[in-house]
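The next block holds one structure in the form of structure tokens; read it before the comments.
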Amino acid sequence: MGNDTFVVTRTNPAAVRGADVLYISYRTLLPNVPTPVGAVTPPPELVVEVRSPSDSPADLAAKAAEYLAAGVRVVRVLDPESDAATVYRRNTPDQPFGPEDTLIMPDVLPGFAVPVADFFA
């Protein structure tokens, strides 16, 4: 799903974020259930954010922490300025990937393996 779909990150008071890309498997959102419009529940397995020029690394880490606290399993941040990616998971150190690395996420997308440089080609 794209950035017109929102992730509920807090309920009291209510807060949502519009992820650049998000992934919800059929294990989480059953295939016979209509695709949600607006905010999605339950939280997606994966959120992808692309760093904007106005985003600082601290801002993106805080955003990733907010998604993770809301129940998102994995947050991937792509940084076009450095052609790099960082993967965030709860209770796990951040995992940086440089342009020469291959991005894998077997816990969310088994079999997914893409060179980081391909995201910026």
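The values are calculated or read from the model by the stated rules, or taken from the named source; none is laboratory data. Since the model is a prediction, treat every value here as computed from it, not as a measurement. Cβ placement follows ideal geometry from the backbone for every residue including glycine, while neighbour counts extend to all protein chains displayed.
Here are the numbers for the structure shown:
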{"read-out": "Filter pass, Asp55 being out of contact with any Leu (no Cβ under 7 Å at 6 or more places or on another chain), closer than 18 Å to Val21 by Cβ and at pLDDT below 95", "value": "yes"}
{"read-out": "Hits in region 1-28 (condition: closer than 16 Å to Val108 by Cα, modelled with pLDDT of 80 or more and of a type outside the set (Lys, Arg))", "value": "Val21, Leu22, Tyr23, Ile24, Ser25, Tyr26, Thr28"}
{"read-out": "Condition check for Val40: over 18 Å from Met105 (Cβ atoms), over 15 Å from the mean Cα position of the chain (by Cα) and aliphatic (A, V, I, L, M)", "value": "no"}
{"read-out": "Residues (in contact with a Pro (Cβ under 9 Å, 6 or more places away or on another chain) and either farther than 18 Å from Ala64 by Cβ or assigned to a loop (DSSP other than H, G, I, E, B) (or both)) located in region 1-25", "value": "Met1, Thr5, Ala19, Ile24, Ser25"}
